[in-house]
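Single-structure report; data block below.
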Amino acid sequence: MKWNPLNTKVGLALGGGAAKGLAHVGVLKAFEEEGVAISYLSGTSIGALVAAYYAFGKPIEDIMAIGEDLHVTKVINFTLKKRGFFSTDSLRAMILRDLGDVQIENARIPLAICTTDIVTGERVTFEKGSLADAICASAAVPGLFVPVEIEGRMLVDGGIVENVPVSVLEDMGAGIIVAVDLNGVKKYGTPNDVMDVITNAIDIGMDLRTRDQLKSADIVLSLDLSKYSRAGNADNAWPLFMEGYWPMKAKIKRLLWYKRTNYLLYLLKALRELVPLKIPDIIKNLYKQKWPSIKIK
């Protein structure tokens with residue numbers, strides 16, 4: 001993204017990954033403990049769900065309790081419709097129960113939810129409108145779930161076009177973009193059923209695109225969660241939470257260093273332009289260095 005040392009607002013993008021999304025809760029906890037405010041949130045699929053609950057003020061403990069009880073069988077409904085085997089009615093009911101029939105634009109933290117138009121192939125990002133509709137669309141895996149129709153568009157899982165939705169955050173106003181990829185390793189679990197086969201195939205396709213898209217993030221947290229289930233992790237909820245918590249906790253000080261260093265470089269540039277003094281070569285060379293992207297692995 002474009003370098004703007006005066007903008008230290010943090011945008012956090014939470015990627016898709018079904019029940020592995022409990023790791024996102026650990027990431028949010030690390031941000032809270034380190035006192036780093038999140039100014040903007042974006043999410044795809046389970047990332048959209050976690051981002052929404054947090055953006056609307058749900059405490060970490062409440063989100064974790066909901067996540068512990070979350071299993072794919074509790075958020076799907078079998079249907080005989082021709083465009084999918086399952087509906088997102090149960091997921092919608094859960095959102096309405098926990099958050100109410102709220103509008104995205106009323107979130108405490110500005111929020112964007114990523115979906116895919118299955119007809120045009122376009123990414124459709126929601127920053128306003130029905131929260132329940134947008135999340136259900138973002139989580140509707142094509143071929144399994146019936147697409148969600150919103151404003152004349154037929155929408156499905158946003159992971160097809162941007163599984164970790166970093167691109168929208170700069171437009172929202174973020175100066176530093178942090179991306180959390182739940183599929184950070186290039187290996188996939190042995191499928192146990194047809195759903196695993198389909199999701200593995202989708203993951204492989206999405207990961208190829210995600211690698212390029214993550215290059216626009218300033219900080220990338222890529223997690224190896226291959227040993228966890230996509231369907232449910234009730235027995236491994238806290239280990240999965242820690243998978244996100246510890247890496248972000250250990251490395252989040254780099255975010256503070258990044259912000260302070262960016263601001264220092266900006267002051268050096270301003271000093272050079274405004275004050276007719278010869279700046280020492282060591283400072284001049286520091287300014288000339290190309291600023292690298294930071295990846296947290």
- [ ] Diagonalise the Cα gyration tensor of region 145-203 and give the resulting equivalent ellipsoid semi-axes, square root of 5 times each eigenvalue, largest first, whole Å.
- [x] 26, 21, 6
Task: Accessible surface of the chain [probe 1.4 Å, protein heavy atoms]: carbon and sulfur percent - done: 55
Task: region 104-190: trypsin sites (Lys or Arg not before Pro) in DSSP loop, at most 14 other beta carbons within 10 Å - done: R108, K128, K186, K187
Task: Selection of GluC sites (Glu not before Pro), region 146-206, meeting DSSP coil and at most 13 other Cβ within 10 Å - done: E151
Open item on the list: Given bins 10 angstrom wide, list per bin the percent of all Cα-Cα distances in region 34-138, short to long.
Closed with: 14, 46, 31, 8, 1
- [ ] Could you rank the peptides 115-121, 173-179 by their average count of other C-beta atoms within 10 Å per residue, with the highest value first?
- [x] 173-179, 115-121
Open item on the list: I need the phi-derived Karplus couplings for region 150-165: 6.51 cos²θ - 1.76 cosθ + 1.60, θ = phi - 60°, integer Hz, Gly and Pro marked x.
Closed with: 9, 6, x, 9, 9, 10, 9, 2, x, x, 4, 9, 7, 6, 10, x
TODO: Go through region 186-199 residue by residue and turn each phi into a ³J(HN,Hα) via Karplus (6.51, -1.76, 1.60, θ = phi - 60°); whole Hz please, and just put x for glycine and proline.
DONE: 9, 8, 9, x, 5, x, 9, 7, 5, 5, 5, 4, 5, 5
TODO: Compute the length gained on full extension between A93 and D171: take 0.36 nm times their separation in residues and subtract their Cα-Cα distance, giving the result in nm to one decimal.
DONE: 25.0 nm
- [ ] Quick one, can you get me the convex hull of the C-alpha atoms of the chain expressed as volume per residue in Å³?
- [x] 134
- [ ] Taking 7 Å along the Cα-to-C-beta vector as the label spot, tell me the D224-I109 distance in nanometres, rounded to one decimal.
- [x] 2.8
Task: Debye equation applied to the C-alpha atoms of region 194-242, log10 I(q)/I(0) at 0.25 Å⁻¹ - done: -1.03
TODO: Please calculate how many Å² of accessible area region 1-142 carries per residue, with a 1.4 Å probe and no DNA, RNA or ligand atoms counted.
DONE: 41
Task: For N77, distant residues with modelled amide H under 5 Å away - done: S87, D89, S90
TODO: Would you calculate the volume per residue, in Å³, of the smallest convex hull containing every Cα atom of region 76-133?
DONE: 90
Open item on the list: List the trypsin sites (Lys or Arg not before Pro) within region 19-94 that DSSP assigns to loop and that have no more than 14 neighbouring Cβ atoms inside 10 Å.
Closed with: K81, K82, R83
- [ ] For region 172-178, just list the computed ³J(HN,Hα) in residue order, Karplus coefficients 6.51, -1.76 and 1.60, θ = phi - 60°, integers in Hz, with x standing in for Gly and Pro.
- [x] 6, x, 5, x, 10, 10, 10
- [ ] On each of the three principal axes of the Cα atoms of region 121-228, give max minus min coordinate, whole Å, ordered largest first.
- [x] 39, 35, 21
Open item on the list: Could you compute the net charge surrounding K249? Neighbours are other residues with a C-beta less than 10 Å from the C-beta of K249; K and R count +1, D and E count -1.
Closed with: +1
Open item on the list: Using 18 Å as the Cα-Cα cut-off, could you pick out the over-long pairs in K186/K251; K186/K227; K20/K81; K29/K74; K9/K58?
Closed with: K186/K251; K20/K81; K29/K74; K9/K58
TODO: Using amide H atoms built 1.01 Å from N in the peptide plane, name the residues 5+ places from I150, or on other chains, whose amide H lies under 5 Å from its own.
DONE: L155
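The values are calculated or read from the model by the stated rules, or taken from the named source; none is laboratory data. Quantities reported herein were computed from a predicted structural model and do not represent experimental measurements. Please note: Cβ atoms are built from the backbone with ideal geometry, for glycine as well, and neighbour counts cover all protein chains shown. What goes into the accessible areas is simple: the full protein's heavy atoms, side chains included, and nothing from ligands, DNA or RNA. Shrake-Rupley method; radii C 1.70, N 1.55, O 1.52, S 1.80 Å.
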